Amino acid sequence: MKYIHYIIVTVAILLVGTAQAGAQTDRNLIRQGNRAFKSQKWAVAETQYRKAISKNQKNPQAIYNLGCALMAQQKDSMAIQQFTNAAQLETNRLRRAASYHNMGVIMQNHREYAQAIEYYKMALRCNPQDNETRYNLALCKKLLKNQKQNKQNDKNKNNKDKNKDKNKDKQNKDQNKDQNKDKNKNDKNKNNQN
(Lines give C-alpha, C1' and ligand atoms only; values in the text may rest on other atoms or scores of the structure.)
Protein backbone atom coordinates (compact mmCIF):
# COMPACT_ATOMS: atom_id res chain seq x y z
CA MET A 1 0.00 0.00 0.00
CA LYS A 2 2.82 2.37 0.81
CA TYR A 3 4.41 1.39 -2.46
CA ILE A 4 1.32 2.45 -4.46
CA HIS A 5 1.10 5.72 -2.53
CA TYR A 6 4.79 6.38 -3.31
CA ILE A 7 4.23 5.72 -7.03
CA ILE A 8 1.21 8.04 -7.18
CA VAL A 9 3.12 10.87 -5.48
CA THR A 10 6.10 10.37 -7.80
CA VAL A 11 3.90 10.41 -10.90
CA ALA A 12 2.10 13.54 -9.68
CA ILE A 13 5.41 15.34 -9.12
CA LEU A 14 6.64 14.35 -12.56
CA LEU A 15 3.43 15.56 -14.20
CA VAL A 16 3.59 18.91 -12.41
CA GLY A 17 7.29 19.27 -13.27
CA THR A 18 6.78 18.59 -16.96
CA ALA A 19 3.80 20.94 -17.07
CA GLN A 20 5.92 23.72 -15.60
CA ALA A 21 8.80 22.97 -17.98
CA GLY A 22 6.44 23.22 -20.98
CA ALA A 23 4.85 26.46 -19.81
CA GLN A 24 7.05 29.43 -20.59
CA THR A 25 7.26 32.29 -18.19
CA ASP A 26 7.10 35.89 -19.26
CA ARG A 27 10.82 36.22 -18.51
CA ASN A 28 11.68 33.34 -20.86
CA LEU A 29 9.58 34.91 -23.60
CA ILE A 30 11.33 38.24 -23.07
CA ARG A 31 14.70 36.52 -23.42
CA GLN A 32 13.57 34.89 -26.66
CA GLY A 33 12.36 38.26 -27.88
CA ASN A 34 15.70 39.83 -26.94
CA ARG A 35 17.58 37.22 -28.97
CA ALA A 36 15.34 37.88 -31.97
CA PHE A 37 15.77 41.66 -31.50
CA LYS A 38 19.56 41.34 -31.47
CA SER A 39 19.30 39.34 -34.70
CA GLN A 40 17.21 42.19 -36.15
CA LYS A 41 14.16 39.96 -36.46
CA TRP A 42 11.82 42.68 -35.29
CA ALA A 43 8.54 40.92 -36.06
CA VAL A 44 9.62 37.76 -34.22
CA ALA A 45 10.73 39.87 -31.27
CA GLU A 46 7.40 41.69 -31.31
CA THR A 47 5.55 38.38 -31.18
CA GLN A 48 7.62 37.12 -28.24
CA TYR A 49 7.13 40.35 -26.30
CA ARG A 50 3.38 40.23 -26.94
CA LYS A 51 3.31 36.66 -25.63
CA ALA A 52 5.21 37.78 -22.53
CA ILE A 53 2.69 40.58 -21.98
CA SER A 54 -0.18 38.12 -22.32
CA LYS A 55 1.43 36.12 -19.48
CA ASN A 56 2.03 39.22 -17.32
CA GLN A 57 0.35 42.47 -18.35
CA LYS A 58 2.14 44.43 -15.62
CA ASN A 59 5.68 43.62 -16.81
CA PRO A 60 7.15 47.01 -17.79
CA GLN A 61 10.26 45.44 -19.33
CA ALA A 62 8.17 43.39 -21.79
CA ILE A 63 6.11 46.46 -22.65
CA TYR A 64 9.21 48.62 -23.13
CA ASN A 65 10.86 45.96 -25.31
CA LEU A 66 7.68 45.69 -27.38
CA GLY A 67 7.88 49.45 -27.91
CA CYS A 68 11.47 49.09 -29.10
CA ALA A 69 10.50 46.31 -31.54
CA LEU A 70 7.65 48.43 -32.89
CA MET A 71 9.93 51.45 -33.18
CA ALA A 72 12.44 49.37 -35.17
CA GLN A 73 9.60 48.46 -37.56
CA GLN A 74 8.62 52.16 -37.79
CA LYS A 75 5.24 51.53 -36.16
CA ASP A 76 5.67 54.75 -34.25
CA SER A 77 2.17 55.40 -32.92
CA MET A 78 1.95 51.91 -31.44
CA ALA A 79 5.48 52.26 -30.05
CA ILE A 80 4.52 55.53 -28.31
CA GLN A 81 1.59 53.73 -26.67
CA GLN A 82 3.87 50.98 -25.37
CA PHE A 83 6.50 53.42 -24.11
CA THR A 84 3.80 55.41 -22.33
CA ASN A 85 2.48 52.26 -20.66
CA ALA A 86 5.99 51.16 -19.71
CA ALA A 87 6.80 54.57 -18.20
CA GLN A 88 3.62 54.45 -16.10
CA LEU A 89 4.35 50.94 -14.79
CA GLU A 90 8.12 51.26 -14.37
CA THR A 91 9.44 51.90 -10.87
CA ASN A 92 13.10 52.11 -11.92
CA ARG A 93 13.87 55.72 -12.83
CA LEU A 94 16.57 54.84 -15.38
CA ARG A 95 14.31 52.50 -17.32
CA ARG A 96 11.49 55.06 -17.16
CA ALA A 97 13.93 57.62 -18.57
CA ALA A 98 14.65 55.26 -21.48
CA SER A 99 10.92 55.16 -22.31
CA TYR A 100 10.67 58.94 -22.34
CA HIS A 101 13.89 59.22 -24.35
CA ASN A 102 12.52 56.88 -27.05
CA MET A 103 9.27 58.83 -27.22
CA GLY A 104 11.37 61.95 -27.74
CA VAL A 105 13.29 60.28 -30.55
CA ILE A 106 10.07 59.31 -32.31
CA MET A 107 8.69 62.86 -32.03
CA GLN A 108 12.01 64.28 -33.24
CA ASN A 109 11.92 62.00 -36.29
CA HIS A 110 8.43 63.30 -37.06
CA ARG A 111 9.66 66.90 -36.68
CA GLU A 112 7.37 67.42 -33.69
CA TYR A 113 10.13 69.26 -31.86
CA ALA A 114 8.00 70.82 -29.12
CA GLN A 115 6.69 67.42 -28.04
CA ALA A 116 10.14 65.88 -28.34
CA ILE A 117 11.50 68.58 -26.05
CA GLU A 118 8.90 67.72 -23.41
CA TYR A 119 9.72 64.00 -23.55
CA TYR A 120 13.45 64.71 -23.31
CA LYS A 121 12.84 66.93 -20.28
CA MET A 122 10.88 64.13 -18.63
CA ALA A 123 13.70 61.71 -19.38
CA LEU A 124 16.26 64.07 -17.85
CA ARG A 125 14.14 64.43 -14.72
CA CYS A 126 14.41 60.67 -14.29
CA ASN A 127 18.07 60.44 -15.32
CA PRO A 128 19.93 63.78 -15.18
CA GLN A 129 23.24 62.15 -16.19
CA ASP A 130 22.01 61.05 -19.64
CA ASN A 131 24.20 63.03 -22.05
CA GLU A 132 22.56 61.64 -25.18
CA THR A 133 19.16 62.91 -24.03
CA ARG A 134 20.70 66.26 -23.09
CA TYR A 135 22.24 66.53 -26.58
CA ASN A 136 18.93 65.61 -28.26
CA LEU A 137 17.13 68.20 -26.12
CA ALA A 138 19.54 70.96 -27.19
CA LEU A 139 19.29 69.85 -30.82
CA CYS A 140 15.48 69.91 -30.74
CA LYS A 141 15.46 73.36 -29.20
CA LYS A 142 17.67 74.60 -32.03
CA LEU A 143 15.59 72.83 -34.68
CA LEU A 144 12.36 74.23 -33.21
CA LYS A 145 13.81 77.73 -33.33
CA ASN A 146 14.87 77.23 -36.96
CA GLN A 147 11.47 75.77 -37.81
CA LYS A 148 9.73 78.83 -36.38
CA GLN A 149 12.08 81.17 -38.28
CA ASN A 150 11.47 79.28 -41.52
CA LYS A 151 7.72 79.55 -41.04
CA GLN A 152 8.06 83.27 -40.40
CA ASN A 153 10.29 83.68 -43.46
CA ASP A 154 7.80 81.74 -45.57
CA LYS A 155 4.99 83.93 -44.27
CA ASN A 156 6.96 87.10 -45.09
CA LYS A 157 7.80 85.75 -48.54
CA ASN A 158 4.14 84.98 -49.19
CA ASN A 159 3.21 88.51 -48.17
CA LYS A 160 5.85 89.93 -50.52
CA ASP A 161 4.57 87.72 -53.33
CA LYS A 162 1.03 88.93 -52.69
CA ASN A 163 2.21 92.54 -52.76
CA LYS A 164 4.08 91.90 -56.02
CA ASP A 165 0.97 90.37 -57.51
CA LYS A 166 -1.11 93.36 -56.41
CA ASN A 167 1.43 95.77 -57.90
CA LYS A 168 1.50 93.79 -61.15
CA ASP A 169 -2.28 93.82 -61.32
CA LYS A 170 -2.28 97.57 -60.74
CA GLN A 171 0.35 98.09 -63.43
CA ASN A 172 -1.63 95.94 -65.85
CA LYS A 173 -4.79 97.95 -65.13
CA ASP A 174 -2.91 101.22 -65.64
CA GLN A 175 -1.42 99.91 -68.86
CA ASN A 176 -4.85 98.78 -70.07
CA LYS A 177 -6.27 102.22 -69.27
CA ASP A 178 -3.48 103.92 -71.22
CA GLN A 179 -4.05 101.60 -74.16
CA ASN A 180 -7.78 102.27 -74.05
CA LYS A 181 -7.15 106.03 -73.96
CA ASP A 182 -4.80 105.77 -76.92
CA LYS A 183 -7.34 103.69 -78.80
CA ASN A 184 -10.10 106.17 -78.03
CA LYS A 185 -7.90 109.06 -79.24
CA ASN A 186 -7.11 107.21 -82.44
CA ASP A 187 -10.79 106.49 -82.98
CA LYS A 188 -11.64 110.18 -82.45
CA ASN A 189 -8.88 111.28 -84.80
CA LYS A 190 -10.18 108.94 -87.48
CA ASN A 191 -13.71 110.26 -86.97
CA ASN A 192 -12.48 113.83 -87.20
CA GLN A 193 -10.62 113.13 -90.42
CA ASN A 194 -13.70 111.70 -92.02
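To the nearest 10 square angstrom, what accessible area does S54 show with a 1.4 Å probe?
Surface accessible to solvent at S54 totals approximately 80 Å².
Once label points are set 7 Å from the Cα along Cα→Cβ at both R125 and K38, what is their separation, rounded to one decimal in nm?
3.5 nm
Would you please put 146-152, 123-129 in order of how densely packed they are, using the mean number of other Cβ atoms within 10 angstrom per residue and starting with the highest?
Highest to lowest by the protection proxy: 123-129, 146-152.
Given 4 °C and 1.567 mPa s, compute D for the range 29-147 with the Stokes-Einstein relation, Rh being the Kirkwood radius over Cα pairs; round to the nearest whole µm²/s.
90 µm²/s
Looking at the range 103-151, I'd like the Rg to Rh ratio, where Rg is from alpha-carbon atoms and Rh is Kirkwood's inverse mean 1/r.
Ratio value, two decimals: 0.99.
Once the other residues with Cβ under 12 Å from the Cβ of L29 are scored (Lys, Arg +1; Asp, Glu -1), what is the net sum?
+4
Which of the residue pairs K121/K145; K75/K157; K55/K75; K38/K75; K75/K121; K58/K141 have a Cα-Cα distance greater than 26 Å in the structure shown?
Table pairs above 26 Å Cα-Cα are K75/K157; K58/K141.
The values are calculated or read from the model by the stated rules, or taken from the named source; none is laboratory data. Everything numeric here is computed off the predicted structure, so don't read it as measured data. We place every Cβ from the backbone using ideal geometry, glycine too, and count neighbours over all the protein chains shown. Just the protein is used for accessible areas: all its heavy atoms, side chains included, with ligands, DNA and RNA removed. Shrake-Rupley method; radii C 1.70, N 1.55, O 1.52, S 1.80 Å.
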